Amino acid sequence: MLLLRCAVGSREGTKRKRGHMASAVIVGAQWGDEGKGKIVDFLAGQADFVVRFQGGDNAGHTVYLGDRKYVFHILPSGMLRPGVTCVIGSGVVLNLRRLADEISEVGISEQDITARLRISGETALILPCHMARDRSEESSRGKGRIGTTQRGIGPAYVDVANRTAVRMADTLDEDWFRKRLAICLESKRDSLEGSEFSEACDFEKTASETLRLARRFAPLVCDASALLEEARAKGKNLLFEGAQGTMLDVHAGTYPYVTSSNTVAGGACVGSGVGPRAIGRILGVAKAYTTRVGEGPFPTELIGETGERLRETGGEYGATTRRPRRCGWLDIVQLRRAVRLNSLDGIVLTKLDVLDGFDRIGVCTAYRVKGRCMTEWPVNPADLESVEPEIEFMPGWLAATSCAGGYDALPAAARNYVEAVEKWLGVPVAMVTAGKERDDIIVRQPVF
Ligand code: GDP
Ligand code: IMO
Ligand code: MG
């Protein structure tokens, strides 16, 4: 088993600043899978804390290091950086069984977990009843299905809003926990059928399994808000790791085809227990094209040969469910919305290398709905069914991009593409990636 304390450090790992606290939020600017994991792992080389603030194990954040591939679902993507404290924030919904499995799959020592992982006491738990409910709701939706990851995410957040959730801190006292669990399970009685209910909502089974796992993680339970405030006071660097993407936000996304949490940068505050003034820079990660997994509107989706080519070249298969991702050109209308919703200071443009072989590259700069030109996301959801993207084509570079020589060594047409995106969005492209490895990155504006 590989012990992560021995993980190879990159050049970035040695550049920690001391005495001047900085913080940054990393969010997905599209529909998820933009490459957030790689960016968080890279920036964690200069951070002291990495905080996951929403979502659950529906996320799949990929990091390549040396000859190994790591996929983080619930552990923050700072786990490969020795010395970084990783926090599962109060906005997350946490499946303890999956956490335990992920720790052994990734190969993190118990000593490392004790030293470096913290869980907010306010984090709500995903229980077997939530997964059963996710499955049963999806199957009863039929054609109107959302295409959830079936990890119980939506039902767990329903319990949070309904005040029937069991939270991590509830497990610290067995009598208290049993009372909370009874309330939680009782609230499912009317929504799951006979045998499905009795299996997924079995009180003793759920109680014993949850308590067994919770006892293992009890020493990690903390007041995350106080922990992060103390870190701030000591001048530590904080990194907030978003999951999913802006267009999957439960309010601002393509509702109802969304996840059940606030994926936008504002979610970093409520989901980790820091106030808005604790947030420094905000970066949105966007692919150089667009993908989406699951159902729902996708204005620039390419059905056919070009979409297929993007999928195969980009290896666009889900990191959590292995489902093929739907692919399309970059959507400026959508990204402008992401810039606004997140107050983005900049974009991290990923997977530029996937476009290497295209002789022309499409970018959507406006939508056409019933003959009308629109430059904003339609208010009326019915309009999304007939939206047609207006595509401008830019010349491709037909050469292999590499990050090794820095920004100026990129092919001129690739730089042209990056700078056109900046102009359209009105914010800088702070980083560019053209390869999956940790060092395949060009930093144009440092974060810390
Ligand atoms: P996340 O959920 O936002 O962390 O993204 P995923 O890990 O689900 O999907 C991003 C995929 O793109 C992963 O397989 C990454 O290894 C890969 N990736 C990230 N950056 C690059 C890049 O610049 N080039 C290529 N070819 N792959 C990349
Ligand atoms: P990362 O963090 C892409 C999608 C699902 C579905 C919808 C609701 O890796 O970018 P849920 O299980 O959350 O109730 O499903 O959201 N979805 C994601 N799509 N990347 C993700 O995470 C996603 N997490 C959920 O496919 O359409
Ligand atoms: Mg992913």
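The values are calculated or read from the model by the stated rules, or taken from the named source; none is laboratory data. Everything quoted here is computed from the prediction, not taken from an experiment. FYI the Cβ positions are ideal-geometry reconstructions off the backbone, even for glycines, and counts take in every protein chain you see. For accessibility, only protein heavy atoms count, side chains too; no ligands or nucleic acids. Shrake-Rupley method; radii C 1.70, N 1.55, O 1.52, S 1.80 Å.
Here is a yes/no grid of residues against (1) outside the structural domain of L355 (by TED's automatic domain parsing); (2) in a helix (DSSP H, G or I); (3) polar (S, T, N, Q):
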{"position": "T401", "(1), (2), (3)": "no, no, yes"}
{"position": "A413", "(1), (2), (3)": "no, yes, no"}
{"position": "N416", "(1), (2), (3)": "no, yes, yes"}
{"position": "W424", "(1), (2), (3)": "no, yes, no"}
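Take the residues of region 44-62 that are among the aliphatic types (A, V, I, L, M) and touching an Asp or Glu at 6+ places or on another chain (Cβ under 8 Å): which is nearest to D440 (Cα to Cα)?
V50
Restricting attention to region 402-445, which residues are within 11 Å of G346 (Cα to Cα) and open to solvent by 60 Å² or more (accessible area, probe 1.4 Å)?
G426, R444, Q445
Condition test on G253, is it out of contact with any strand residue (DSSP E or B) (no Cβ under 8 Å at 6 or more places or on another chain) and within 16 Å of ligand 1 (Cβ to nearest atom)?
For G253, the condition - out of contact with any strand residue (DSSP E or B) (no Cβ under 8 Å at 6 or more places or on another chain) and within 16 Å of ligand 1 (Cβ to nearest atom) - is met.
Any residue in region 283-292 that is open to solvent by 10 Å² or more (accessible area, probe 1.4 Å) and either away from ligand 3 (no atom under 16 Å from the Cβ) or within 24 Å of L330 (Cα to Cα) (or both)?
For region 283-292, residues open to solvent by 10 Å² or more (accessible area, probe 1.4 Å) and either away from ligand 3 (no atom under 16 Å from the Cβ) or within 24 Å of L330 (Cα to Cα) (or both): absent.
Among the residues of region 122-132, are any in a helix (DSSP H, G or I) and not hydrophobic (A, V, I, L, M, F, W, C)?
Within region 122-132 (the criterion being in a helix (DSSP H, G or I) and not hydrophobic (A, V, I, L, M, F, W, C)), the answer is yes, since at least one residue qualifies.
Go through (1) buried (at least 17 other Cβ atoms within 10 Å of the Cβ); (2) at negative phi; (3) at pLDDT 95 or above one by one and return the number of the condition A161 breaks.
Only one criterion is unmet by A161, namely (1).
Could you say whether any residue in region 68-77 is among the basic types (K, R), part of a strand (DSSP E or B), in the same structural domain as L227 (by TED's automatic domain parsing) and closer than 22 Å to V293 by Cα?
So far as region 68-77 goes, yes, one or more of its residues are among the basic types (K, R), part of a strand (DSSP E or B), in the same structural domain as L227 (by TED's automatic domain parsing) and closer than 22 Å to V293 by Cα.
Given the conditions (1) modelled with pLDDT of 95 or more; (2) touching a helix residue (DSSP H, G or I) at 6+ places or on another chain (Cβ under 9 Å), report the number of the one that G37 does not fulfil.
Just one mismatch for G37, condition (2).
Looking at A224, A182, can you tell me which residue is more than 27 Å from V333 (Cα to Cα), more than 16 Å from ligand 3 (Cβ to nearest atom) and more than 23 Å from the chain's Cα centre (by Cα)?
Going through A224, A182 in turn, the sole match is A182.
Residues checked against (1) modelled with pLDDT of 95 or more; (2) of a type in the set (S, T, N, Q); (3) closer than 28 Å to F240 by Cβ:
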{"residue": "T313", "(1), (2), (3)": "yes, yes, no"}
{"residue": "G318", "(1), (2), (3)": "no, no, yes"}
{"residue": "R325", "(1), (2), (3)": "yes, no, yes"}
{"residue": "I332", "(1), (2), (3)": "yes, no, yes"}
{"residue": "L349", "(1), (2), (3)": "yes, no, yes"}
{"residue": "C364", "(1), (2), (3)": "yes, no, no"}
{"residue": "C373", "(1), (2), (3)": "yes, no, no"}
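Evaluate region 374-382: report whether one residue or more is surrounded by fewer than 13 Cβ atoms within 10 Å (Cβ to Cβ), β-branched (V, I, T) and either touching a residue at least 12 places away in the same chain (Cβ under 8 Å) or in the same structural domain as A29 (by TED's automatic domain parsing) (or both).
yes
Name every residue in region 27-58 that is within 11 Å of ligand 2 (Cβ to nearest atom) and not small (G, A, S), in order of residue number.
If the condition is that a residue be within 11 Å of ligand 2 (Cβ to nearest atom) and not small (G, A, S), then V27, Q30, W31, D33, E34, K36, V40, R52, Q54, D57, N58 are the ones that fit.
Since E419 meets every condition but one in (1) closer than 18 Å to A288 by Cβ; (2) among the charged types (D, E, K, R); (3) touching a residue at least 24 places away in the same chain (Cβ under 8 Å), which condition does it not meet?
Result: E419 fails condition (3) only.
Pick out the one residue from I303, I361 that is of a type outside the set (S, T, Y), open to solvent by less than 20 Å² (accessible area, probe 1.4 Å) and more than 24 Å from the chain's Cα centre (by Cα).
I361
Anything in region 17-34 that is crowded, with 24+ Cβ neighbours inside 10 Å and not aliphatic (A, V, I, L, M)? List them, or say none.
Result: S23, G28, Q30, W31, G32, D33, E34.
Does region 66-104 hold any residues that are more than 16 Å from ligand 2 (Cβ to nearest atom), modelled with pLDDT of 95 or more, charged (D, E, K, R) and open to solvent by 30 Å² or more (accessible area, probe 1.4 Å), and which are they?
Once the filter is applied, which keeps residues that are more than 16 Å from ligand 2 (Cβ to nearest atom), modelled with pLDDT of 95 or more, charged (D, E, K, R) and open to solvent by 30 Å² or more (accessible area, probe 1.4 Å), region 66-104 yields R68, R97, D101.
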